[in-house]
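The values are calculated or read from the model by the stated rules, or taken from the named source; none is laboratory data. Owing to the predicted nature of the structure, the values given are computational and were not obtained by experimental measurement. Because the Cβ atoms are built from the backbone with ideal geometry, glycine has one as well, and the counts that use them run over all protein chains shown.
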Amino acid sequence: MIRVALVGAAGRMGRAIAEAAAATTDVRIVACVDVPQNLPAVGGVWSDDLAKVVEPGMVVVEFAGPEGAVQAAAVCAAHGLPLVSGSTGLPAEGEAALRAAAARVAVFRASNFSVGVAALRLALRATLAAVPGEWDIEIIERHHRLKKDSPSGTALTLADDALAARGLGRDALRHGREGVVGARTNTEIGVHAMRGGTWVGDHTVLLAGPGETLELRHVAQDRAAFAHGAVAAARYVASAPSGYHGMEDLLRGPGPLTS
Ligand code: NAD
């Protein structure tokens, strides 16, 4: 049995992960952590302090935002526990703190835990190798109106994949365009964040050549898409060595993605 401490448990992803874990026979949420004002109950499995509820052999899964991610990484490093981390929008020093924790424990980190986005990244790599290097690349993402970070972590991951394929750096990204910006060059990649309603997560990579366009699109219709990946990642890190792990490792691994 894989025993999980879930951080950000009262949030949208926390609730989806609890539901996904409840449908398995081998992953059990034994502790739920959230900030005091969002604790639905006092006592029982609920706590506002991860350090107080962790026990040897547990896996910590966090979807609690940038601050919660860094706090969870510190607790995991101090207690020798593996971590699955899904929060996005971390500043560079936050990402560095997670990488530092990975020197001591297994850290599984992904900006998107869905199998479909992992497949989209493979498709993007193959497509960029197939089309001429002059084709324009634009990334469009849509999320619900409450999302805090823009562009999404997934859009940035897709942008990084495209930048790497084109030999460009992050300074080539154009986040929206306004005013007289002049003609588009093919050494820029546009990134556009739409916010509204209840969109769970929608990412399109648009490739435009002379007289033709091609769109690669993934739509997450339900947070279950991420939750099942996070549960699979908990299984994976439970027996993984210290280090930094991601979706590519999970897809390569021997086990099934969902039970
Ligand atoms: P949410 O706001 O619904 O939930 C976040 C929860 O974390 C809240 O209950 C909040 O009270 C709690 N929290 C905040 N700070 C905390 C702390 N220091 N310690 C413990 N709990 C804390 O947000 P959400 O939609 O569930 O998303 C959570 C994070 O996961 C965001 O960063 C989001 O971008 C990211 N996300 C990642 C993926 C992925 O596949 N990697 C998918 C969806 C969302």
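ALA64 satisfies every condition listed in (1) small (Gly, Ala, Ser); (2) more than 11 Å from the ligand (Cβ to nearest atom); (3) at pLDDT 95 or above except (2).
Could you tell me whether the range 191-207 includes any residue that is away from the ligand (no atom under 16 Å from the Cβ), surrounded by 19 or more Cβ atoms within 10 Å (Cβ to Cβ) and either within 22 Å of ARG252 (Cα to Cα) or modelled with pLDDT under 95 (or both)? No, the conditions are met nowhere in the range 191-207.
The condition of being farther than 19 Å from VAL200 by Cα, modelled with pLDDT under 95 and among the aliphatic types (A, V, I, L, M) holds for only one of LEU122, LEU90, that being LEU122.
Taking (1) loosely packed, with under 15 Cβ neighbours inside 10 Å; (2) assigned to a helix (DSSP H, G or I) in turn, ALA20 satisfies each apart from (1).
On the stretch given as the range 6-34, residues that are more than 11 Å from the ligand (Cβ to nearest atom) and of a type outside the set (Ser, Thr, Tyr) total 12. Restricting the range 131-143 to residues that are farther than 20 Å from ALA110 by Cβ and assigned to a strand (DSSP E or B), the residue that is nearest to the ligand (Cβ to nearest atom) is ILE140. Looking only at the range 149-163, which residues are surrounded by fewer than 23 Cβ atoms within 10 Å (Cβ to Cβ), in a helix (DSSP H, G or I) and within 11 Å of the ligand (Cβ to nearest atom)? The answer is GLY153, THR157. In the range 93-121, what residues are part of a loop (DSSP other than H, G, I, E, B) and away from the ligand (no atom under 16 Å from the Cβ)? Matches in the range 93-121: ALA102, ALA103, ARG104, VAL105.
The combined condition, being in the same structural domain as GLU138 (by TED's automatic domain parsing) and either outside any helix (DSSP H, G or I) or touching a residue at least 24 places away in the same chain (Cβ under 8 Å) (or both), is not fulfilled by ASP171.
Residues are listed down the side, and each one gets a yes or a no for (1) in contact (Cβ under 8 Å) with a residue 12 or more places away in the chain; (2) over 23 Å from GLU248 (Cα atoms); (3) in contact with a strand residue (DSSP E or B) (Cβ under 9 Å, 6 or more places away or on another chain):
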| position | (1), (2), (3) |
| --- | --- |
| GLY80 | yes, yes, no |
| GLY89 | yes, no, no |
| ARG99 | yes, no, yes |
| ASN112 | yes, no, yes |
| VAL117 | yes, no, yes |
| THR127 | yes, no, yes |
| ALA130 | no, no, no |
| LYS147 | yes, yes, yes |
| LEU156 | yes, no, yes |
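When we screen LEU90, LEU124, LEU146, LEU81 for residues that are outside any helix (DSSP H, G or I) and closer than 23 Å to ASP160 by Cβ, the only hit is LEU90. Of the listed requirements (1) surrounded by fewer than 18 Cβ atoms within 10 Å (Cβ to Cβ); (2) modelled with pLDDT of 95 or more, SER259 misses just one: (2).
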